[in-house]
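Engineer: Dropping the structure in here first, questions after.
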Amino acid sequence: MCLGIPGEVIEILTDRPDLARVDVSGVKRAINIGLLAEEEIKPGDWVLIHVGFALSKIDEAEAKAAMEFLEGIGKAYEDELAALRDSQIV
């Protein structure tokens, strides 16, 4: 099963404006925000992430609801977090 996980944008990488560092439940990774080029993405924003790409900008309430749901489904969520921990965009 593949899930979209909410992450909070920590910073936009200055040398790669198509990448942002996000925090997903304590896991910090660079993700591609190129699909959201039409939207202003800045630190503090929340995005829905799938396979290293931000698919949409969401608000904090949506992020919280999604996290509660994901935490409730258990193993699939833990597997997705493990995949995120092991991933790296270069």
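Engineer: Among the residues that make up the stretch 77-90, is at least one of them at pLDDT 90 or above and either in contact with a Lys or Arg (Cβ under 6 Å, 6 or more places away or on another chain) or open to solvent by less than 40 Å² (accessible area, probe 1.4 Å) (or both)? Can you show your working first?
Structural biologist: Step one: filter the stretch 77-90 for residues at pLDDT 90 or above, giving none.
Looking through the stretch 77-90, none of the residues is at pLDDT 90 or above and either in contact with a Lys or Arg (Cβ under 6 Å, 6 or more places away or on another chain) or open to solvent by less than 40 Å² (accessible area, probe 1.4 Å) (or both).
Each row is one residue, and each column tells you yes or no for (1) of a type in the set (F, W, Y); (2) at pLDDT 95 or above.
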| site | (1), (2) |
| --- | --- |
| C2 | no, no |
| V9 | no, yes |
| L13 | no, yes |
| A20 | no, yes |
| G26 | no, no |
| F53 | yes, no |
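Engineer: It is to be established whether one or more residues within the stretch 5-12 are farther than 24 Å from D79 by Cβ, exposed (fewer than 15 other Cβ atoms within 10 Å of the Cβ) and free of Cβ contacts under 8 Å to residues at least 24 places away in the same chain.
Structural biologist: Here is the first cut: in the stretch 5-12, the ones farther than 24 Å from D79 by Cβ are 11-12.
Filter once more, so that each one left must be exposed (fewer than 15 other Cβ atoms within 10 Å of the Cβ): 11.
Applying the additional criterion that residues be free of Cβ contacts under 8 Å to residues at least 24 places away in the same chain yields none.
The answer is no; no qualifying residue exists.
Engineer: Now a separate question. Just name the residue that is nearest to A20 (Cα to Cα) out of those in the stretch 33-58 that are open to solvent by less than 80 Å² (accessible area, probe 1.4 Å) and among the charged types (D, E, K, R).
Structural biologist: Ranking the qualifying residues of the stretch 33-58, first place goes to D45.
The values are calculated or read from the model by the stated rules, or taken from the named source; none is laboratory data. The structure displayed is predicted, hence computed values, not measured ones. For neighbour counting, all protein chains shown are included, and Cβ atoms are generated from backbone atoms with ideal geometry for every residue, glycine included. Please note that ligands, DNA and RNA were not included when accessible areas were found on the heavy atoms of the full protein model with its side chains. Shrake-Rupley method; radii C 1.70, N 1.55, O 1.52, S 1.80 Å.
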